[in-house]
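Encoded as structure tokens, here's the structure I'll be asking about.
The values are calculated or read from the model by the stated rules, or taken from the named source; none is laboratory data. Source: prediction; values computed, not measured. Glycine gets a Cβ as well: all are built from the backbone with ideal geometry, and neighbour counts include every protein chain shown.
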Number of protein chains: 2
Amino acid sequence: MARRSRNSRPRSAPSGAPPSPYLQRGLSYFDLLDEEQLSRLETQVDWLMQDVGIAFRDDPEALQLWQAAGATLDGDRVRMAADEVRALCATAPSQFTQLARNPQRSVVIGGQNQVFAPIYGAPFVRDLEGGRRYGDMQAFEQLVKLTYLHPHLHHGGFVTCEPCDVPVNKRHLDMLFLHMTCSDKPHLGAITEMSRAQDSVDMAEILFGAEVMDKNCVIMGNVNTNSPLLVDKVVTQAIRTYCARGQGIVVAPFILSGAMGPVSTAASIAQAMAEALMCCAYSQLVRPGAPFVLGNFLSSMSLKSGAPTFGMPEPVLSNYVIGQLARRAGLPLRCGGSLTASKIEDAQAAYESADSMHSTMLAGANFVLHSAGWLEGGLCTGFEKLIMDADRLGGYQKLGHGLDVGDEALARDAYGEVEPGGHFLGTGHTMRNYQTAFYTPDLSDSENVESWEEGGAQDMRQRAHARWKKMLQNYEPPQMDPAKREELAAFVARRKQEMPDAWY
Amino acid sequence: MARRSRNSRPRSAPSGAPPSPYLQRGLSYFDLLDEEQLSRLETQVDWLMQDVGIAFRDDPEALQLWQAAGATLDGDRVRMAADEVRALCATAPSQFTQLARNPQRSVVIGGQNQVFAPIYGAPFVRDLEGGRRYGDMQAFEQLVKLTYLHPHLHHGGFVTCEPCDVPVNKRHLDMLFLHMTCSDKPHLGAITEMSRAQDSVDMAEILFGAEVMDKNCVIMGNVNTNSPLLVDKVVTQAIRTYCARGQGIVVAPFILSGAMGPVSTAASIAQAMAEALMCCAYSQLVRPGAPFVLGNFLSSMSLKSGAPTFGMPEPVLSNYVIGQLARRAGLPLRCGGSLTASKIEDAQAAYESADSMHSTMLAGANFVLHSAGWLEGGLCTGFEKLIMDADRLGGYQKLGHGLDVGDEALARDAYGEVEPGGHFLGTGHTMRNYQTAFYTPDLSDSENVESWEEGGAQDMRQRAHARWKKMLQNYEPPQMDPAKREELAAFVARRKQEMPDAWY
């Protein structure tokens, strides 16, 4: 990992400053199901929570908390009256702010707001020059910088790729250090083991100070349940570590319908909702008012091989419906992303990512992890894919503002200047509005075929390759208090010394 | 043009039989604007029709009809009270059937139904082997056959590419003959000149018989207005030729916002609506009850070059809103498609096509011209693109059915068979449902990277190339009465003899 030591000198406007730090949505939602259909799903959710129950495994402390709250325990199976679960969930905020160390980059999660973060968790990376390979700390650092630099990514995520060249038990320290120093966007922390979650919270406390942290969410963890109906100690410990300190937690059941849930989209949605609501209730037992994001990750399956598929009609439908259910529950939602099973940045990747992300938008997902860079069902982070997806996010951001039908948008005066069969190019209305009328993406080529051929007949991924290389060449780190930076470096060094290397 | 003479022998099930001849939609619509916002747009539409007016040019017969109906004429500018225009439009059917010569392929246009047709009007074609070139009759015939064979294309369209090797004034005859003999799906007819529209109607009469034609829509024309605010004689003559015979007409204003309409999506939508409603009213003056499809084709513009852009947030928004306005007007809608400005079948093409088509679906477009094969802003038909888009149409068809939340979909019995942390692979519910649970596309590769590499590491367009080649190898023409075929051939031969070649 290359560390820079010159990043403490003051600079002018941050180079990666986004047009806005998150999307404040004006667009309405796509309400796919009607009241009666939603009630049927909610009845199923309630049945799963109070009659079927969810197992909280290998964590006696979690079971004690449930017991104290009046839940019924059968071994590690927890059942609770649905109205009690929902009453607990009601103490979670419907929206909250995650502070960034640069206050201009703080994000609001929940309500009418949408926040885009990159892919999370891929062990492999791929780019046009280097091909497919294991992720390492160099790639990770590049991805953190690209996420910092891209105006349409609001949030850094965390495991933009797995840096496999650093021991498993230590890599989170380097990763946190890079997020905190190479970027000033908000980000997530580690969850794989309780001490790593604690390190994340401790480093955030160094960065923000204990007082700020007492009153604000400055870091969040993101965990998956072990569907079906199982919450293991990784989840409960992460909830305890983050929420006890007043920090946020995202819990996302990952359900491949037919395997971790019934081979039915409706049933899988209800199951995901039940698992996530139980985790939300647990987070509120740990600390009432703790910021909680209701996550959802549903995938369909190839009938040819049983492999997970993405961007298909079933998960698209599930995005829309989970959006409705989350709004009814009054909880911020994480779902969707730019998902694909394709191995490369081809048309398949783009078709699947676009259908997945379009539905994510109309569902109003508040925190969109995996919004850029995802390949191979999440096994691989594509450098070109990251930049291509992020370019499209700018369009979704415009879409998210909705349609203006005010007087200026109706342009009546322009019709006084144009005869039938004429054109509006030179009208006063066009002059006043053309600069903001249309989203013009960087990576879409709309020129004629002759111009495109003269420019080398490049496809989108070749253009994306040139783009991210150039972005990195022009990277300058955001300004930072050198004392904070030293304190963080010292923490990382000390914690690494305390542990032997572990590679599993 | 290769003609087959063996296609009269009876065959078993037609090889290209679609799972259903059109989509019967269960999915709700995305209602983007609220009542007040829609009223604002409708007020603008009314203002354009009654105060600004639409010019009907170079066609005195059209002006006479307007005058007789009580419109106010100012030169060729036609103005009419909006409630009178809307009263005329109310005589057009909200849905109608277009018969196919194979009754199993007849389509219902309007209401809850959606019909997918391929690209229309491209002078160029492109495929991986032959590259980009002018369209010719051989390519046209191949495209007609592929459209016939593909289960997710319901309708043949018409100018799947321009066959530039046949004189302009004669090519429609060969094209109609190929649509009528190589396929038994419904299709459109010519509109570029009144006599060609008449040839189309005459050939349809040969194919279906005068009696059937008297009582049914068996062919339609598709025309563009000359936006802004101009309807030329190509449009009015096509309306007269098709509608006077009780046949259908699609009228689609093509508006590049900023050029043929104000640089505002809202204003362009209202203008398109006003132009199309005036054409609808005209069609109903020609023949009350004539099948009319309200068309819409809005595009945004690149700020870099002024070139039209596709799949961008502005036309996506316009699809949603025009869907609402068309439903309120009670008219079948044509809008959207799988549109892109990309020159090739790359990620750009797919991102743009998917966003365009996703919004087309949620808008409930009833007749989707350009649903497959579109490249280069419509200048080029891609063979691989056709097959790739059509593969995605199968997914949209599944999406269009909506989400089942019935008892079987809730799968309660499956939870009696599975413990927390277990799996649903072998449950009775999975056994009963897995075969129909998920849309499994032909061209998306969802296997792991090793399998994909062993298979040659092909991208989607390479797979699409192999697919369409194989489809054509296995093509067998649908059965046909040899006498009809001879009669059509004789008509074509006679009409060609009556005209000198014309190349413009």
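Out of the residues in region A:20-65 that are more than 11 Å from chain B (Cβ to nearest Cβ) and touching a Ser or Thr at 6+ places or on another chain (Cβ under 6 Å), state the one that is nearest to B:Asp31 (Cα to Cα).
Here the answer is A:Ala62.
Restricting to region B:17-43, what's the tally of residues that are assigned to a loop (DSSP other than H, G, I, E, B) and either out of contact with any strand residue (DSSP E or B) (no Cβ under 8 Å at 6 or more places or on another chain) or within 16 Å of B:Val321 (Cα to Cα) (or both)?
Counting residues in region B:17-43 that are assigned to a loop (DSSP other than H, G, I, E, B) and either out of contact with any strand residue (DSSP E or B) (no Cβ under 8 Å at 6 or more places or on another chain) or within 16 Å of B:Val321 (Cα to Cα) (or both) gives 13.
Within region B:481-502, restricting attention to residues that are more than 30 Å from the chain's Cα centre (by Cα) and among the hydrophobic types (A, V, I, L, M, F, W, C), which residue is nearest to B:Phe208 (Cα to Cα)?
Among them, the one singled out is B:Ala483.
Working only within region B:433-469, note down all residues that are more than 9 Å from every other protein chain (Cβ to nearest Cβ) and among the basic types (Lys, Arg).
Scanning region B:433-469 gives B:Arg467, B:Lys469.
One line per residue, one yes/no per condition, for (1) closer than 17 Å to A:Tyr29 by Cα; (2) among the hydrophobic types (A, V, I, L, M, F, W, C); (3) under 18 Å from the mean Cα position of the chain (by Cα):
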residue	(1), (2), (3)
A:Gly364	yes, no, yes
A:His401	yes, no, no
A:Asp404	yes, no, no
A:Val418	no, yes, no
A:Arg432	no, no, no
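Filter region A:231-251 down to the residues that are among the small types (Gly, Ala, Ser) and buried (at least 24 other Cβ atoms within 10 Å of the Cβ) and list them by number.
Result: A:Ala238, A:Gly248.
Also, I was wondering about something else. In the set A:Ser8, A:Ser15, which member is modelled with pLDDT under 95 and over 25 Å from the mean Cα position of the chain (by Cα)?
Testing whether each residue is modelled with pLDDT under 95 and over 25 Å from the mean Cα position of the chain (by Cα) leaves just A:Ser8.
Filter region A:297-314 for residues that are modelled with pLDDT of 95 or more and part of a loop (DSSP other than H, G, I, E, B); which is nearest to the other protein chains (Cβ to nearest Cβ)?
A:Met312
Counting only residues that are in a loop (DSSP other than H, G, I, E, B) and more than 7 Å from every other protein chain (Cβ to nearest Cβ), which one in region B:413-426 is surrounded by the fewest Cβ atoms within 10 Å (Cβ to Cβ)?
Initially, region B:413-426 is screened for residues in a loop (DSSP other than H, G, I, E, B), giving B:417-426.
Next, from what is left, pick out any that are more than 7 Å from every other protein chain (Cβ to nearest Cβ): B:417, B:419, B:426.
Values: B:Glu417: 13, B:Glu419: 12, B:Gly426: 10.
Selected residue: B:Gly426.
Separate question: Would you tally the residues in region B:77-96 being crowded, with 20+ Cβ neighbours inside 10 Å and not aliphatic (A, V, I, L, M)?
Final tally of qualifying residues: 2.
Would you check if there is a residue in region A:355-375 being touching a Lys or Arg at 6+ places or on another chain (Cβ under 7 Å) and at the interface with chain B (Cβ under 8 Å from one of its Cβ atoms)?
There is no residue in region A:355-375 that is touching a Lys or Arg at 6+ places or on another chain (Cβ under 7 Å) and at the interface with chain B (Cβ under 8 Å from one of its Cβ atoms).
Among what's in region B:328-354 and is hydrophobic (A, V, I, L, M, F, W, C) and at the interface with chain A (Cβ under 7 Å from one of its Cβ atoms), pick the residue that is nearest to the chain's Cα centre (by Cα).
Only one residue fits best here, namely B:Ala354.
Sticking with this structure for a sec: Can you confirm whether B:Gly246 is in a loop (DSSP other than H, G, I, E, B), touching a residue at least 12 places away in the same chain (Cβ under 8 Å), under 21 Å from the mean Cα position of the chain (by Cα) and more than 8 Å from chain A (Cβ to nearest Cβ)?
Yes.
Yes or no, residue by residue, for (1) away from chain B (no Cβ under 14 Å); (2) assigned to a strand (DSSP E or B); (3) under 21 Å from the mean Cα position of the chain (by Cα); (4) at pLDDT 95 or above:
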residue	(1), (2), (3), (4)
A:Val263	no, no, no, yes
A:Ala267	no, no, no, yes
A:Met273	no, no, yes, yes
A:Ala290	yes, no, yes, yes
A:Asn319	no, no, yes, yes
A:Ala326	yes, no, yes, yes
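Can I ask one more? Tally the residues that are aliphatic (A, V, I, L, M), surrounded by 24 or more Cβ atoms within 10 Å (Cβ to Cβ) and part of a loop (DSSP other than H, G, I, E, B), restricting the search to region B:148-201.
So the answer is 4.
Follow-up. Could you check region B:286-324 and list, in sequence order, the residues that are aliphatic (A, V, I, L, M) and surrounded by fewer than 24 Cβ atoms within 10 Å (Cβ to Cβ)?
B:Val286, B:Met301, B:Leu303, B:Ala307
Hey, another quick one. Please verify whether A:Ser106 is in contact (Cβ under 8 Å) with a residue 60 or more places away in the chain, over 22 Å from A:Ala329 (Cα atoms) and touching a Leu at 6+ places or on another chain (Cβ under 8 Å), treating the condition exactly as stated.
So A:Ser106 fits the description; yes.
Let's see how each residue does on (1) of a type in the set (A, V, I, L, M); (2) closer than 18 Å to A:Ala347 by Cα:
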residue	(1), (2)
B:Pro332	no, no
B:Thr340	no, yes
B:Ala350	yes, yes
B:Ala365	yes, no
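Could we say that A:Arg133 is more than 27 Å from A:Gly400 (Cα to Cα) and in contact with a Cys (Cβ under 9 Å, 6 or more places away or on another chain) here?
Here the answer is no, as A:Arg133 does not meet what is asked.
Which members of region A:358-375 meet the condition of being of a type outside the set (Gly, Ala, Ser) and either closer than 23 Å to A:Gly248 by Cβ or surrounded by fewer than 24 Cβ atoms within 10 Å (Cβ to Cβ) (or both)?
A:Thr360, A:Met361, A:Asn366, A:Phe367, A:Val368, A:Leu369, A:His370, A:Trp374
Just need a number here: residues in region B:376-412 that are more than 9 Å from every other protein chain (Cβ to nearest Cβ), in contact with a Gly (Cβ under 7 Å, 6 or more places away or on another chain) and assigned to a helix (DSSP H, G or I).
Selection size over region B:376-412: 2.
While we're on this one: Right, A:Asp76: within 14 Å of another protein chain (Cβ to nearest Cβ), within 20 Å of A:Ala238 (Cα to Cα), modelled with pLDDT of 95 or more and in contact with a Ser or Thr (Cβ under 6 Å, 6 or more places away or on another chain) or not?
The answer is no for A:Asp76.
Just need a number here: residues in region A:209-233 that are touching a Ser or Thr at 6+ places or on another chain (Cβ under 7 Å) and in a helix (DSSP H, G or I).
So the count comes out to 0.
For the structure I just gave you, tell me whether A:Met431 is within 23 Å of B:Ala307 (Cβ to Cβ), in a helix (DSSP H, G or I) and in contact (Cβ under 8 Å) with a residue 60 or more places away in the chain. Outline the logic, then answer.
Numbers: within 23 Å of B:Ala307 (Cβ to Cβ): yes; in a helix (DSSP H, G or I): yes; in contact (Cβ under 8 Å) with a residue 60 or more places away in the chain: no.
No: the conditions fail for A:Met431.
Only one residue in A:Met194, A:Met175 is hydrophobic (A, V, I, L, M, F, W, C) and more than 19 Å from the chain's Cα centre (by Cα), so which one is that?
Step by step, each of A:Met194, A:Met175 is checked, and only A:Met194 is hydrophobic (A, V, I, L, M, F, W, C) and more than 19 Å from the chain's Cα centre (by Cα).
Separate question: May I ask you to list the residues in region A:111-147 that are in a strand (DSSP E or B) and buried (at least 24 other Cβ atoms within 10 Å of the Cβ)? Steps first, answer last, please.
Taking region A:111-147 first, the residues in a strand (DSSP E or B) are A:113-116, A:124-127, A:131-134.
Within region A:111-147, A:Gln114, A:Val115, A:Phe116, A:Val125, A:Arg126 qualify.
Among the residues of region B:44-102, write down those that are among the small types (Gly, Ala, Ser) and part of a helix (DSSP H, G or I).
Within region B:44-102, B:Ala62, B:Ala68, B:Ala82, B:Ala87 meet the criteria.
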